[in-house]
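Notes to accompany the following structure.
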Amino acid sequence: MWTRFSEKARRAIYYAQEEARRLGENVVGTEHLLLGLLHESDSIAIRVLENLGINPGSLRMEIERQLPKGEGPVGQEVQLTPRTKRAIDLAYEEARHLGNQHVGTEHLLLGLIREGEGLAGRILVKKGIQLEQARAVVKAVQSEGETPSAQVKSVPAEVLRGLKGRDLLSIDDLSREQCSALLQTAAAMKEATKSGQELIRWKRPHLLAMIFEKPSLRTRFTFEAAMVHMGGHAIYLSPNEIGLGKRESVADVARNLERWCQAIMARVFAHQTLVELAQHAGVPVINALSDLEHPCQALADFQTLMEHKGDPKGLHLVFVGDGNNVANSLALLSAKLGTHFTIACPPGYEPHEGILSRAREIATETGSLITVTHDPREAVRTADAIYTDVWASMGQEHEAEQRKQVFAPYQVNADLLKLAKPGAIVMHCLPAHRGEEITDEVIDGTQSVVFDQAENRLHAQKAVLAALIGDW
Ligand code: CP
Ligand code: NVA
């Protein structure tokens, strides 16, 4: 009889028997079957209940409240009551009616609703669930495919799907809605990961090529970890191995990689290299830092900012330091999300002109203010967050000594922090040159959120990978 049941439906019936035993009953009533169905957190039945506006946790409590108390633990095998048997027969009928080969948890749920007279049916009907409505929801959930778990419904799937196959070279490749959708997804993915689950898993093991022209700790680790968590794999390609543009042209590297993998991420010196990769690869290309932008960093940073300060609209992010890649992406993302952005930098070290004007153009739609100043002390007075980055970026090491002189007045230290709002947070993309752009006291202080930012690289990139690769 059970061969036509799905694995999860069989488990639900097993749990129903366990529930009856636990409650000291000799027979498995419909209420035990419903409790059994609630054991499987990612079953179709649970998704159907959630779509019907029923919280599985509260439903469980309600059933337990209404349960008749049994005599105590029983040893022998527990039998199904006639009503439970009828609900299972009806589940068969529902599966047949829907043209499904197997009886799944969703059919058992429909069987319980249709049976109607047992305790489970009565509770469900009392909650306003009607058979026709439940059947329609079952059909809708089934047509979504098998893989997405119940929680995937908590992400803006439609908006994310609009990003499938696209490149992420700049924050400006994303619409305002897509930025918000990625951040919402990143937060949901973090919550799931923390509770030991994975919100989005691919239907098959996708591959990510990771090209690095420069060193990395966070970017490399978190991209690779994200792929592994979501059921894929990442392959690291070091500068010496592939000699991008030297051993082989950028275009030919792209033409090879696209045959093997579903996405390429690259950390490069010249942003133009990314543009060329994207032109010649039929798979998404992700900027993992160039001389122009660091969009994945900015997404993780805003995830962090929102965790600590809530809605980014109207917040004031003050960047103190070099108007380089990180600052450029932050300016664009601030503009998109309605966050006021100020950079306090030495003259000559302002953000990229084109990016600044684009950020200002976007800001006219969102109401944020994008300003450049050379006075860090004035800039931080209204700051909700103070951000800094190294004074000499990777590739600028030969300028390090000269830059130390120029940037000395721009150090984020306790004196500067005192001028900001008392609750202001301190941010840094890392790696930090302690004692230069930021002091130990500040980076290790209570207002610092730098390791939250590092942590969020994982979750923000999961959202990016899920959106660009799709297939979940
Ligand atoms: N913030 C950042 O991108 O760190 P890595 O250089 O270590 O990847
Ligand atoms: N601006 C820095 C960021 C490092 C993550 C650099 O390009 O080296």
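The values are calculated or read from the model by the stated rules, or taken from the named source; none is laboratory data. The structure displayed is predicted, hence computed values, not measured ones. Note that each Cβ is placed from the backbone with ideal geometry, even for glycine, and that neighbours are counted across all protein chains shown.
Taking GLU397 as the residue in question, decide whether it is more than 21 Å from THR304 (Cα to Cα), within 16 Å of ligand 1 (Cβ to nearest atom) and modelled with pLDDT of 95 or more. For GLU397, the condition - more than 21 Å from THR304 (Cα to Cα), within 16 Å of ligand 1 (Cβ to nearest atom) and modelled with pLDDT of 95 or more - is met.
Which residues, counting only those in the range 209-228, are more than 7 Å from ligand 1 (Cβ to nearest atom), buried (at least 17 other Cβ atoms within 10 Å of the Cβ) and farther than 18 Å from THR273 by Cα?
Once the filter is applied, which keeps residues that are more than 7 Å from ligand 1 (Cβ to nearest atom), buried (at least 17 other Cβ atoms within 10 Å of the Cβ) and farther than 18 Å from THR273 by Cα, the range 209-228 yields THR222, PHE223, GLU224, ALA226, MET227.
Taking interchain pairs and intrachain pairs at least six residues apart, which have beta carbon atoms under 9 angstrom, with the first residue in the range 294-305 and farther than 13 Å from SER180 by Cα and in contact (Cβ under 8 Å) with a residue 12 or more places away in the chain and the second within 11 Å of ligand 2 (Cβ to nearest atom) and of a type in the set (Lys, Arg)? Final answer for the pair search is CYS296/ARG457; GLN297/ARG218; GLN297/ARG457.
Only one of the numbered conditions (1) at positive phi; (2) within 16 Å of ligand 1 (Cβ to nearest atom) is not met by GLY310, and that is (2). Within the range 299-311, the set of residues being small (Gly, Ala, Ser) and surrounded by fewer than 18 Cβ atoms within 10 Å (Cβ to Cβ) comprises just one member, GLY310. Scanning the range 186-198 turns up no residue that is under 15 Å from the mean Cα position of the chain (by Cα), of a type in the set (A, V, I, L, M, F, W, C) and part of a loop (DSSP other than H, G, I, E, B). Just give me the residues in the range 353-376 being surrounded by 14 or more Cβ atoms within 10 Å (Cβ to Cβ) and in a helix (DSSP H, G or I), in sequence order. Result: ILE355, LEU356, ARG358, ALA359, ARG360, ILE362, ALA363, THR366, PRO376. Of all residues in the range 377-401, those being farther than 16 Å from CYS345 by Cα, surrounded by 16 or more Cβ atoms within 10 Å (Cβ to Cβ) and of a type in the set (Asp, Glu) number 1. Somewhere in the range 338-352, is a residue closer than 22 Å to MET306 by Cβ and either free of Cβ contacts under 8 Å to residues at least 24 places away in the same chain or assigned to a helix (DSSP H, G or I) (or both)? No, that holds for no residue.
Of the residues in the range 312-339, how many are charged (D, E, K, R) and surrounded by 24 or more Cβ atoms within 10 Å (Cβ to Cβ)?
Kept after step one, since they are charged (D, E, K, R), are these residues of the range 312-339: 313, 322, 336.
When the remaining residues are screened for being surrounded by 24 or more Cβ atoms within 10 Å (Cβ to Cβ), the result is 322, 336.
Going through the range 312-339 one residue at a time, the tally reaches 2.
In the range 263-281, the residue that is nearest to ALA466 (Cα to Cα) out of those that are touching a Lys or Arg at 6+ places or on another chain (Cβ under 9 Å) and not basic (Lys, Arg) is ALA281.
Assess whether VAL275 counts as being part of a helix (DSSP H, G or I), of a type in the set (A, V, I, L, M), in contact (Cβ under 8 Å) with a residue 24 or more places away in the chain and surrounded by fewer than 21 Cβ atoms within 10 Å (Cβ to Cβ). Here the answer is yes, as VAL275 does meet what is asked. Scanning the range 273-330 for residues being aliphatic (A, V, I, L, M), within 18 Å of ASP172 (Cβ to Cβ) and touching a Ser or Thr at 6+ places or on another chain (Cβ under 8 Å) gives a total of 6.
Return yes or no: is ASN240 over 11 Å from ALA281 (Cβ atoms) and part of a helix (DSSP H, G or I)? Judged against the criteria, ASN240 is a match.
Scanning the range 258-269 for residues that are touching a helix residue (DSSP H, G or I) at 6+ places or on another chain (Cβ under 9 Å) and either surrounded by fewer than 22 Cβ atoms within 10 Å (Cβ to Cβ) or in a loop (DSSP other than H, G, I, E, B) (or both) gives GLU258, GLN262, VAL268.
If the condition is being among the aliphatic types (A, V, I, L, M) and touching a strand residue (DSSP E or B) at 6+ places or on another chain (Cβ under 7 Å), then the range 235-253 contributes ILE235, LEU237, ILE242, LEU244, VAL250, VAL253. Answer yes or no: is there a residue in the range 449-463 that is farther than 18 Å from ASP301 by Cβ and either in a helix (DSSP H, G or I) or within 16 Å of ligand 1 (Cβ to nearest atom) (or both). Checked against the condition, which is being farther than 18 Å from ASP301 by Cβ and either in a helix (DSSP H, G or I) or within 16 Å of ligand 1 (Cβ to nearest atom) (or both), the range 449-463 yields no hits at all.
The test for being polar (S, T, N, Q) and either more than 24 Å from PHE221 (Cα to Cα) or part of a loop (DSSP other than H, G, I, E, B) (or both) does not hold for THR304. Quick one: would you say ILE242 is over 25 Å from ALA157 (Cα atoms), surrounded by 13 or more Cβ atoms within 10 Å (Cβ to Cβ) and more than 16 Å from ligand 1 (Cβ to nearest atom)? So ILE242 fits the description; yes.
Within the range 76-85, the set of residues being more than 43 Å from the chain's Cα centre (by Cα) and either of a type in the set (Val, Ile, Thr) or assigned to a helix (DSSP H, G or I) (or both) comprises VAL78, THR81, PRO82, ARG83.
Restricting LYS404, LYS418 to those that are within 16 Å of ILE443 (Cα to Cα) and at pLDDT 95 or above reduces the list to LYS418. When residues in the range 278-301 are screened for being in a helix (DSSP H, G or I) and of a type in the set (Gly, Ala, Ser), 3 of them pass.
Give the range 246-257 a look and list any residue that's buried (at least 19 other Cβ atoms within 10 Å of the Cβ) and either under 28 Å from the mean Cα position of the chain (by Cα) or modelled with pLDDT under 95 (or both), or say none.
ALA254, LEU257
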